[in-house]
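The values are calculated or read from the model by the stated rules, or taken from the named source; none is laboratory data. Bear in mind the structure is a predicted one, so any value in this text is a computation, not a measurement. Reconstructed Cβ throughout: ideal geometry from the backbone, glycine too, with neighbour counts over all protein chains shown. Note: areas computed on protein heavy atoms with side chains; ligands, DNA, RNA excluded. Shrake-Rupley method; radii C 1.70, N 1.55, O 1.52, S 1.80 Å.
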Amino acid sequence: MTGADFTPNEMMTIAASRALGNDDVCFVGIGAPSAACNIARLTHAPDITLIYESGTIGTAPDVLPLSIGDGELCDTALTTVPVPEMFRYWLQGGRITIGFLGAAQIDRFGNINTTVVGEYEHPRVRLPGGGGAPEIASSSQEVYVTLAQSRRAMVEKIDFFTSFGHGEGGDHRQRLGIDTRGPTLLITDLAIWRPDPQTKEFTVVSLHPGVRREMVQETCGWTVRFAERVEETPPPTEQELSILRDLKARTEAAHKGR
Amino acid sequence: MARFLPLSQAVSENLHDGDSVAFEGFTHLIPTAAAHEAIRQGFRDLTLIRMTPDVVYDQMIGMGMARKLVFSYAGNPGVGLLRRLRDAVENGFPNALEIEEHSHAAMANAYEAGAAGMPCAVFRGYRGAELARVNPNIRFIECPFTGEELAAVPALRPDVAFIHAQKADRRGNVLVEGIVGIQKEAVLAARRAVATVEEVVEDFDDQHPNLTILPHWTITAISVVPGGAHPSYAHGYYARDNAAYLEWDKVAADRDVFRDWMDRNVFQARVEDFEQRVEKLRVAG
């Protein structure tokens with residue numbers, strides 16, 4: 001086994017996949033979360049239930065979907081339900097253990113913006129919007145977030161509260177009557193973060209191999225807090241890497257093919 | 001009572017300037033051929049409704065057909081942003097666009113309320129979400145039994161809904177399968193409904209008893225348009241043209257490239273061209 005030859009992005013996907021277990025019922029956001037969830041399924045969690053908002057329950061795609069509604073998801077699903085049922089019975093009903101989201105912008109309390117950069121009425125950049133995320137963030141039992149670090153993405157103050165994380169921190173969720181746990185894990189290409197038990201501010205608990213604290217700070221728009229004891233993330237195993245690379249290669253070929 | 005019509009007639013009889021219209025399809029079965037026919041007929045001042053406005057709404061907005069957009073996720077799924085929509089929202093080009101923005105849960109509930117004949121939908125949502133600040137159609141009510149605060153949004157009742165489906169039978173019953181999305185609710189919520197279908201079969205007698213079938217008396221008009229969902233897909237018929245979605249990102253990035261693409265692929269194209277576009281995407285079935 002060698003830990004030397006992998007990209008930060010591969011480390012991010014693999015670290016995120018390790019956080020998922022066989023018994024999880026995971027509502028999968030598109031992009032980085034989708035790769036991580038499927039790597040979990042193809043390695044240590046073969047029985048994980050993956051759910052996409054298009055209504056596919058227990059799906060096991062051979063290639064990563066480009067959209068949340070690719071035919072591959074339906075073909076390999078246990079069952080496919082209408083979209084209102086997806087959001088009412090399965091998400092609002094409390095049956096999702098982990099909502100797995102990406103983010104265009106995130107703050108230190110795990111609040112997410114995927115709506116606009118700038119003012120809502122006169123945005124500098126009009127982003128796609130919330131989609132399923134506002135209710136995934138509040139109705140899933142807990143929320144994992146994954147994104148590559150940059151000062152543009154990890155900001156002191158997000159421009160719009162698309163999906164509520166821990167708000168201003170502390171017990172803000174409870175004060176709004178939200179009884180789910182909210183963001184409990186943030187996996188970036190450099191580190192693993194967990195919310196402080198009291199303040200709920202995301203705190204670095206593990207650095208990926210070869211990553212120094214300055215690198216985390218340089219790519220983050222707020223002053224980073226590190227846990228008292230910061231671990232080193234175990235590097236990807238050969239098996240994890242080869243499964244991830246095979247999946248990416250299959251996916252790329254499938255999406256280019258006409 | 002469903003009438004089988006050529007697509008041009010189905011669109012001209014059921015869509016009018018100023019209408020609120022839903023061309024629904026959740027990634028799957030997007031009624032592209034119907035949307036292109038609407039573009040060729042040049043409707044104006046439309047309120048476009050859809051959970052996931054993607055390429056066809058980018059096209060309609062880019063052609064200046066829309067006054068307002070009601071939506072919950074406006075992106076090119078898996079690819080990025082909708083660049084004609086961005087141009088309208090950020091720069092008012094080709095015209096300013098009013099937007100009413102929701103979450104998926106809200107839109108799904110609102111269609112369901114429309115189908116159920118309710119004035120509004122009630123659900124547990126928008127908690128801590130800022131959309132409630134910028135959209136006056138998001139309000140909160142108290143549960144009369146538990147006191148819990150719940151979100152409420154008005155029911156969606158489009159003037160007309162367009163869907164694409166796999167099959168109609170001779171009587172005009174319409175069968176949808178695979179990712180069924182929100183189409184059934186959109187049809188039942190709308191005052192008029194137009195379906196394009198891949199093919200017409202004799203009847204559905206030998207089908208599984210729990211399939212999603214819209215009775216012929218819920219559909220206003222049906223047009224047979226093989227390939228009519230391209231570059232989306234039709235489960236059991238042809239695959240999603242992911243390459244076309246990737247290409248759209250480049251086309252829509254530039255106003256002139258966009259107009260040129262629309263001229264060649266919509267204005268100078270015919271309904272029958274859809275069948276040839278999916279030829280290489282056909283699945284063994």
Q. If B:LEU188 satisfies every condition in (1) over 18 Å from B:LEU281 (Cβ atoms); (2) more than 16 Å from the chain's Cα centre (by Cα); (3) not in a loop (DSSP other than H, G, I, E, B) but one, which is the exception?
A. (2)
Q. Would you pick out the residues in region A:114-156 that are away from chain B (no Cβ under 14 Å) and β-branched (Val, Ile, Thr)?
A. A:VAL145, A:THR146, A:VAL155
Q) Which residues, taken from region A:235-258, are more than 13 Å from A:PHE6 (Cβ to Cβ) and in contact with a Leu (Cβ under 7 Å, 6 or more places away or on another chain)? A) A:LEU247, A:THR251, A:HIS255
(Q) Given the criteria under 15 Å from A:GLY31 (Cβ atoms), within 11 Å of chain B (Cβ to nearest Cβ), under 14 Å from the mean Cα position of the chain (by Cα) and crowded, with 24+ Cβ neighbours inside 10 Å, does A:ILE106 qualify? (A) no
Q. When residues of region A:82-100 are filtered for being open to solvent by less than 10 Å² (accessible area, probe 1.4 Å), out of contact with any Cys (no Cβ under 9 Å at 6 or more places or on another chain) and in contact (Cβ under 8 Å) with a residue 12 or more places away in the chain, how many remain?
A. 4
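Collect the residues in region B:20-59 that are in a strand (DSSP E or B) and within 17 Å of B:SER8 (Cα to Cα), keeping them in residue-number order.
Across region B:20-59, the qualifying residues are B:VAL21, B:PHE23.
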Q: Could you give me the residue pairs with C-beta distances under 6 Å whose first residue belongs to region B:154-179 and is on the phi > 0 side of the Ramachandran plot, whose second residue is open to solvent by 10 Å² or more (accessible area, probe 1.4 Å) wherever it lies, and which are 6+ apart or on separate chains?
A: B:GLY172/B:ALA2; B:GLY172/B:HIS216; B:GLY178/A:CYS74; B:GLY178/B:HIS235
Q: Kindly list, by first and then second residue, each pair from a residue in region B:245-257 that is assigned by TED's automatic domain parsing to the domain that holds B:LEU81 to a residue that is loosely packed, with under 15 Cβ neighbours inside 10 Å and in a helix (DSSP H, G or I), limited to pairs with Cβ atoms under 6 Å and residues at least 6 apart or on different chains.
A: B:VAL251/B:VAL257
(Q) Restricting to region B:43-69, give me the number of residues that are aliphatic (A, V, I, L, M) and more than 13 Å from B:PHE93 (Cα to Cα). (A) 7
**Q.** Subset of region A:38-80 that is open to solvent by less than 10 Å² (accessible area, probe 1.4 Å), assigned to a helix (DSSP H, G or I) and in contact with a helix residue (DSSP H, G or I) (Cβ under 7 Å, 6 or more places away or on another chain) - its residue that is nearest to the other protein chains (Cβ to nearest Cβ)
**A.** A:ASN38
(Q) For region A:238-258, give me each residue that is surrounded by 15 or more Cβ atoms within 10 Å (Cβ to Cβ) and over 30 Å from B:LYS280 (Cα atoms). (A) A:GLU240, A:LEU241
Q: Could you tell me which numbered condition A:LEU91 fails, if it satisfies all but one of (1) closer than 18 Å to A:VAL143 by Cα; (2) away from chain B (no Cβ under 11 Å); (3) hydrophobic (A, V, I, L, M, F, W, C); (4) not in a loop (DSSP other than H, G, I, E, B)?
A: (2)
Q) So is A:PHE160 open to solvent by 10 Å² or more (accessible area, probe 1.4 Å) and touching a Ser or Thr at 6+ places or on another chain (Cβ under 8 Å) or not? A) no
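Of the residues B:SER232, B:SER223, which single one is part of a loop (DSSP other than H, G, I, E, B) and hydroxyl-bearing (Ser, Thr, Tyr)?
B:SER232
Here's the yes/no breakdown for (1) of a type outside the set (Lys, Arg); (2) more than 10 Å from every other protein chain (Cβ to nearest Cβ); (3) open to solvent by less than 10 Å² (accessible area, probe 1.4 Å):
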site: B:GLU90; (1), (2), (3): yes, no, no
site: B:GLU101; (1), (2), (3): yes, no, yes
site: B:VAL134; (1), (2), (3): yes, no, no
site: B:PRO144; (1), (2), (3): yes, yes, no
site: B:PRO154; (1), (2), (3): yes, yes, no
Q: Could you grab me the full set of residues in region A:178-189 that are open to solvent by less than 50 Å² (accessible area, probe 1.4 Å) and under 18 Å from A:GLU135 (Cα atoms)?
A: A:ILE178, A:THR180, A:GLY182, A:PRO183, A:THR184, A:LEU185
Q: Examine region B:252-272 for a residue that is touching a Phe, Trp or Tyr at 6+ places or on another chain (Cβ under 9 Å) and either of a type in the set (Gly, Ala, Ser) or assigned to a loop (DSSP other than H, G, I, E, B) (or both), and state whether such a residue exists.
A: yes
**Q.** helices (runs of 4 or more DSSP H) lying entirely in region B:62-178 (those with 2 or more residues that are among the small types (Gly, Ala, Ser))
**A.** B:104-115
